[in-house]
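Enquirer: Handing you a structure now.
The values are calculated or read from the model by the stated rules, or taken from the named source; none is laboratory data. Given the structure is predicted, the values throughout are model-derived calculations rather than measurements. We place every Cβ from the backbone using ideal geometry, glycine too, and count neighbours over all the protein chains shown. Note: areas computed on protein heavy atoms with side chains; ligands, DNA, RNA excluded. Shrake-Rupley method; radii C 1.70, N 1.55, O 1.52, S 1.80 Å.
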Amino acid sequence: MTGRRLSSLLASVTAAAVGASILTGCGVLPGATGGSREPVTVMTWAPDETRATNMPGMPAMAQAYARWVNAQGGIDGHELRVLTCNEQNTPSGAAACARRAVREKAVAVVGSYSQNGRAFMAPLEAAGIPYIGGYGLTDDEFSSPLSYPVNGGLAALIAGHGMQLAESCRKVSLVRPDTLAGDRLPKLLDAGLKKAAKRGAVDIPAVEDATEYADQASHAREKAGSENGCVAAVLGERTQTFFDSFRRLPEATGGAQAEGEGDRVRISSVLGSVGQPVIDRTGGARSPFEGAFVTGWYPEADDKSWEPMRKVIKEHAFADNRVDPTDTGVQTTWIAYTVLKEVIESLDTDTVTASRITDALDRGTRVDTGGLTPPLRWMYEDLLGAPAFPRIVNHEVTFQVVRKGRLVAQKPGFVDVGPTVTAGG
């Protein structure tokens, strides 16, 4: 080979290498095929550092998920870009997050928490952006044609909780937020209780962000009675505050107890108001929640179905203590991003848009969550069709109980609460 031909070959190789480095700098992922697929931008929001319920683990889980899929070449070759937003537990904060999602051309809002459905759904609907796997607190999440819930929301939890308590409780007091969303809870709980011909619960509204609940606790205990009575509290982060007030009542005889310990008042709640992180913080096996009944959407946190999520958290959440695998918000976010991943993979396209995602979901893309939920699909025939919650497709819950400081299954598998939600909705 002559010197001139060798120089020409080296120049060609150098140019190719430079071109490859420029492409990599422009966002081509390691392991991606071809490098022609555009990044996918989504948003996850949740309140943080507010006086009411905070869910910082949900955006943190979304970021860890993005690090995981991008390290593997993205979702079907698309880099996943996650925007996060502090929803602030206010209508204005929720609306601001939604407008930012529109402005930054997010193709979906995924795995988010908000009590302000009207404030965020209107901007998303106007822009055609789907809302995938929200936490399930608001009517809008179960009525908007652009919402794709992965669980049955608070409605399924409360209806299921009534069914769970009906098996053990003679009388029930319900302490719930004095809000529009809270006003719906007594009817749903009663629908579950009446499955076993039980009388309705005593309804005790309470301020959601109070610093103590002595009056409500005393009233709840009195109405539940000491003969197989149960006090259920559903106050988000303030549930712990309520049961602290309950435990301090002079006439209380110990609050919760292990199963079979006589006729003292049992306490109960639903996941999201009480979960493993709360039990751990309040003493584990010595927690006031020992023996409490809890209704959840998903299998207990120690179930093997959560192993893939735990592995991602261990490898990609690093030392971020916001990402607790036992937290219901983190779990919901994992499931929501599982939906997003399967939908994008089903598209097999270089450019992912909001309309393509909604079309795929509406046309019947079926998502297998590995046993964390029933298979999910959002075609018309899959919808529960309850008057107030028409978009529910997953109407199954789990019955759990706190034993030795751990949330464990009270009974194996899922319980279908669809007819109960319909009756109570």
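Enquirer: Within the stretch 296-344, take every residue that is touching a helix residue (DSSP H, G or I) at 6+ places or on another chain (Cβ under 6 Å) and hydroxyl-bearing (Ser, Thr, Tyr) and give me the one that is modelled with the lowest pLDDT.
Expert: The selected residue is 326.
Enquirer: Moving on. Restricting to the stretch 166-193, name every residue that is out of contact with any His (no Cβ under 7 Å at 6 or more places or on another chain), among the aliphatic types (A, V, I, L, M) and assigned to a helix (DSSP H, G or I).
Expert: Within the stretch 166-193, 166, 180, 181, 185, 188, 191, 193 qualify.
Enquirer: Does residue 390 satisfy the condition of being surrounded by 14 or more Cβ atoms within 10 Å (Cβ to Cβ) and under 17 Å from the mean Cα position of the chain (by Cα)? Break it down stepwise before answering.
Expert: Details: surrounded by 14 or more Cβ atoms within 10 Å (Cβ to Cβ): yes; under 17 Å from the mean Cα position of the chain (by Cα): no.
No.
Enquirer: From the residues in the stretch 332-379 that are in a loop (DSSP other than H, G, I, E, B) and of a type in the set (Val, Ile, Thr), which one is farthest from residue 78 (Cα to Cα)? Please lay out each step first, then the result.
Expert: Filtering the stretch 332-379 for residues in a loop (DSSP other than H, G, I, E, B) gives 348-353, 363-366, 368-375, 377-379.
Next, only the ones that are of a type in the set (Val, Ile, Thr) stay: 349, 351-353, 365, 369, 373.
Numbers: 349: 9, 351: 9, 352: 9, 353: 12, 365: 19, 369: 21, 373: 26 Å.
Of everything passing the filter in the stretch 332-379, 373 is farthest from residue 78 (Cα to Cα).
Enquirer: Which condition from (1) assigned to a loop (DSSP other than H, G, I, E, B); (2) open to solvent by less than 40 Å² (accessible area, probe 1.4 Å); (3) among the hydrophobic types (A, V, I, L, M, F, W, C) is the one that residue 318 breaks?
Expert: Status for residue 318: all satisfied but (2).
Enquirer: Can you tell me which residue is surrounded by the fewest Cβ atoms within 10 Å (Cβ to Cβ) among those in the stretch 194-210 that are at pLDDT below 95 and outside any loop (DSSP other than H, G, I, E, B)? If you could, list the steps in order and put the result at the bottom.
Expert: Quick first cut of the stretch 194-210, residues at pLDDT below 95 only: 194-200, 207-210.
From what is left, the residues that are outside any loop (DSSP other than H, G, I, E, B) are 194-196.
Values: 194: 17, 195: 17, 196: 13.
Ranking the qualifying residues of the stretch 194-210, first place goes to 196.
Enquirer: Restricting attention to the stretch 40-73, which residues are open to solvent by less than 50 Å² (accessible area, probe 1.4 Å), part of a loop (DSSP other than H, G, I, E, B) and not small (Gly, Ala, Ser)?
Expert: Result: 47, 50, 53, 54, 55, 56.
Enquirer: Are there any pairs with C-beta distances below 9 angstrom linking a residue in the stretch 217-237 that is open to solvent by less than 10 Å² (accessible area, probe 1.4 Å) to a residue that is in a helix (DSSP H, G or I) and of a type in the set (S, T, N, Q), with the two at least 6 apart or on different chains, and if so which?
Expert: 217/245; 233/216; 233/239; 235/241
Enquirer: All but one of (1) closer than 26 Å to residue 50 by Cβ; (2) in contact (Cβ under 8 Å) with a residue 40 or more places away in the chain; (3) in a helix (DSSP H, G or I); (4) open to solvent by 10 Å² or more (accessible area, probe 1.4 Å) hold for residue 163; which doesn't?
Expert: All conditions pass for residue 163, except number (1).
Enquirer: Next question, about the same structure. Looking at the stretch 121-143, which of its residues are buried (at least 23 other Cβ atoms within 10 Å of the Cβ) and either assigned to a loop (DSSP other than H, G, I, E, B) or free of Cβ contacts under 8 Å to residues at least 60 places away in the same chain (or both)?
Expert: Quick first cut of the stretch 121-143, residues buried (at least 23 other Cβ atoms within 10 Å of the Cβ) only: 121, 124, 129-136, 138, 141-142.
Once the filter is applied, which keeps residues that are buried (at least 23 other Cβ atoms within 10 Å of the Cβ) and either assigned to a loop (DSSP other than H, G, I, E, B) or free of Cβ contacts under 8 Å to residues at least 60 places away in the same chain (or both), the stretch 121-143 yields 121, 124, 129, 130, 131, 133, 134, 135, 136, 138.
Enquirer: Checking residue 297 against (1) open to solvent by 40 Å² or more (accessible area, probe 1.4 Å); (2) of a type in the set (Phe, Trp, Tyr); (3) under 17 Å from the mean Cα position of the chain (by Cα), which single condition isn't satisfied?
Expert: Of (1) open to solvent by 40 Å² or more (accessible area, probe 1.4 Å); (2) of a type in the set (Phe, Trp, Tyr); (3) under 17 Å from the mean Cα position of the chain (by Cα), only one is false for residue 297: (1).
Enquirer: Please specify each residue of the stretch 397-425 satisfying the condition of being open to solvent by 50 Å² or more (accessible area, probe 1.4 Å) and either within 17 Å of the chain's Cα centre (by Cα) or within 14 Å of residue 159 (Cβ to Cβ) (or both).
Expert: Selection gives 414, 416, 419, 422, 423.
For every residue, the table says whether it meets (1) polar (S, T, N, Q); (2) in contact with a strand residue (DSSP E or B) (Cβ under 7 Å, 6 or more places away or on another chain).
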| position | (1), (2) |
| --- | --- |
| 318 | no, no |
| 331 | yes, no |
| 360 | no, no |
| 400 | yes, yes |
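Enquirer: Can you tell me which residues in the stretch 99-116 are part of a helix (DSSP H, G or I) and in contact (Cβ under 8 Å) with a residue 40 or more places away in the chain? Before you say what the answer is, go through the steps one by one.
Expert: Step one: list which residues in the stretch 99-116 are part of a helix (DSSP H, G or I), which gives 99-103.
Residues satisfying the conditions are 100, 101.
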